[in-house]
Amino acid sequence: MIVNRIIYRDKPKADIFRSLVQTFWKDNPDCEVATISITKDKPKRSDAQNRLFHTWRDIIAGEMGESKEETKNLIKNQFSIESTKDLEVAEFVEFLRDIDDFFGGEYQIKLPRNEDYHLAMYNVYKKS
């Protein structure tokens, strides 16, 4: 399992690193060694955002009776997105909100607020 977080030079990082490590060990109790890697880059969509998008796409596809690919194209066309891979984290948050607002309002499709939702939208794990 790969876990990614965005860090900024001028913002506190200790809690982010602590949370990453604790979450990793909790999710991987049999693992004895892990590697932390920091890369220079603009923040692209997170793994949680990617998982949430695909979960929501699958739910929308099922509700609308469309294939996953047709639904992905419908979503991209509805919001004038050429490629979701090019969206930065903040842009992807807005994209997910648009999806939720549109399909929740227009089609009354209830999309879940699971752990990936809280990670994708707020970069925090929801405490149970």
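Is it fair to say THR84 is exposed (fewer than 13 other Cβ atoms within 10 Å of the Cβ), at pLDDT below 90 and either under 20 Å from the mean Cα position of the chain (by Cα) or not assigned by TED's automatic domain parsing to the domain that holds PRO112 (or both)? When the stated conditions are applied, THR84 does not pass them. Picking from residues in the range 35-72 that are of a type in the set (S, T, N, Q) and at pLDDT below 95, the one that is farthest from ALA120 (Cα to Cα) is THR35. Of the residues that make up the range 46-65, is at least one outside the structural domain of ARG5 (by TED's automatic domain parsing), of a type in the set (D, E, K, R), over 15 Å from the mean Cα position of the chain (by Cα) and surrounded by 12 or more Cβ atoms within 10 Å (Cβ to Cβ)? The answer is yes; a qualifying residue exists.
Looking only at the range 31-52, decide whether some residue is under 18 Å from ARG113 (Cα atoms), of a type in the set (A, V, I, L, M, F, W, C) and out of contact with any Gly (no Cβ under 7 Å at 6 or more places or on another chain). So far as the range 31-52 goes, yes, one or more of its residues are under 18 Å from ARG113 (Cα atoms), of a type in the set (A, V, I, L, M, F, W, C) and out of contact with any Gly (no Cβ under 7 Å at 6 or more places or on another chain). The lone criterion from (1) outside the structural domain of VAL89 (by TED's automatic domain parsing); (2) polar (S, T, N, Q); (3) assigned to a helix (DSSP H, G or I) left unmet by THR71 is number (1).
The values are calculated or read from the model by the stated rules, or taken from the named source; none is laboratory data. This one's a predicted model, so the numbers in the text were calculated from it and none came from an experiment. Quick reminder, even Gly has a Cβ in these numbers, built from the backbone with ideal geometry, and neighbours come from all protein chains shown.
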